[in-house]
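Just below is one structure, and these are the notes that go with it.
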Amino acid sequence: MVVVETILQMMALVLLGLGWRWLAPGRLPVGQLRSAITEIVFYLLLPALVLRVLWRTELALPSLGISAVACIGTFGAMLLAILACRSCRIEPGLSGAAILAASFGNVTYLGLPILTAVLGDWAAGVAIQYDLFASTPLLFTLGMLLASRYGHSEQQLRPLRRLAAIPALWAALLAVVLNLADAPLPGLLEPILIQLGNGVVPLMLLAVGLSLEWRGIGRYAWGPLLMVLLVQLVMMPLVVWWASGLFGFQGEMQLALVLEAAMPSMVLGLVICEHYKLDTAFYAAAITVSTLLSIATLPLWYFWFS
């Protein structure tokens, strides 16, 4: 019951953000407010958290295993989504959005706070490595290539430039270098990083709630939406559970990987859908429905594997 209460507390912040979106009590438009919050987290708070966590996390062969398991889970979900879209002959714009929604989970904005709340601070390292060393690089390379294949854009595809513009990724690389060099974390710097990192969880959860929307989808899209929910919330955790066993992960580490894989659709994918003229209304619906449904599915995964 403690786990259910913890996840409900995390989701309460998401619902507060959703309530703010509906009521709009402030002077700033909701989109502008969400952008301001996400930019503060993206450029300042999250890099500080990543630097502190990875600097002090034990990096060894298990770290490579985390990345490998995350890649296998993403590839497995993507393959299942592609086969489903081809077998149903879904039109390209909807297919591209459905594949992205089924393949990439909200492993940082939602996964990081839930893992740390449920399993402890050590799980932050798992969430960060899962994202920055697997999920995000795949999103901005393979994900963008798929989006360009199913959609179209007037701008040239430059995935490496997109990756290089992620501050948290640079913070992760710096932290890995300092970690492997056994450089001590300065006592003056650590409290600053802690204070900055403490703001990540509540702001990320509020940003997720502010991002939830329902633009309306046609009856034709209910089948693909069901496919996304099955792949993202059921099949991907099963693939990651199988892959994590191959790499020797057990206990709480395996549970952390499965919970990461069970996260709902990634919010950032909406930007890629808009850029490549995919079905953004469908993707927005997939984010909203999968996030709300995960309130029930995440505790089930936890109880099954614990």
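Every read-out reported here was derived from the displayed coordinates using simple, explicitly stated rules and does not represent laboratory data. Owing to the predicted nature of the structure, the values given are computational and were not obtained by experimental measurement. A quick note on method: Cβ atoms are made from the backbone with ideal geometry, for glycine too, and the neighbour counts reach across all protein chains shown.
Proximity of backbone amide H atoms, modeled 1.01 Å from N, is registered between residue 279 and 94, 97 at under 5 Å, excluding neighbours fewer than 5 places apart on the same chain. With each label modelled as a point 7 angstrom along the Cα→C-beta vector, the residue 64-residue 23 pair spans 5.2 nm. Which FRET efficiency value, to the nearest 0.05, do you get for residue 165 and residue 274 by plugging their Cβ-Cβ distance into 1/(1 + (r/R0)^6) with R0 = 25 Å? The value I calculate is 0.90.
Ordered by the number of other Cβ atoms lying within 10 Å of each residue's own Cβ, fewest first, 38, 6 fall into the sequence 6, 38. Under the simplified labelling scheme, the residue 214-residue 16 pair shows an inter-label distance of 2.4 nm, with each label point 7 Å from Cα along Cα→Cβ. Among 21-33, 292-304, 47-59, the peptide with the highest mean count of other Cβ atoms within 10 Å heads the list, and the full ranking is 47-59, 292-304, 21-33. Cα centroids of the stretch 26-77 and the stretch 189-205: how far apart, whole angstrom? Centre-to-centre distance over Cα atoms comes out at 13 Å.
If R0 is taken as 41 Å, the Cβ-Cβ distance between residue 91 and residue 300 corresponds to a FRET efficiency of 0.80. Note on residue 56/residue 158: beta-carbon distance plugged into 1/(1 + (r/R0)^6) with R0 of 45 Å gives a FRET efficiency of 0.85.
Extension gain for residue 4-residue 292 works out to 102.3 nm (0.36 nm per residue, less the C-alpha to C-alpha distance). Potential lengthening of the chain between residue 189 and residue 238 amounts to 13.6 nm, from the contour at 0.36 nm per residue minus the alpha-carbon distance.
Applying 0.36 nm per residue to the separation of residue 32 and residue 180 and subtracting their alpha-carbon distance, the gain on full extension is 49.3 nm. Near residue 104, the amide H atoms lying under 5 Å from its own belong to 266; only residues 5 or more places off or on other chains count, and H is placed 1.01 Å from N.
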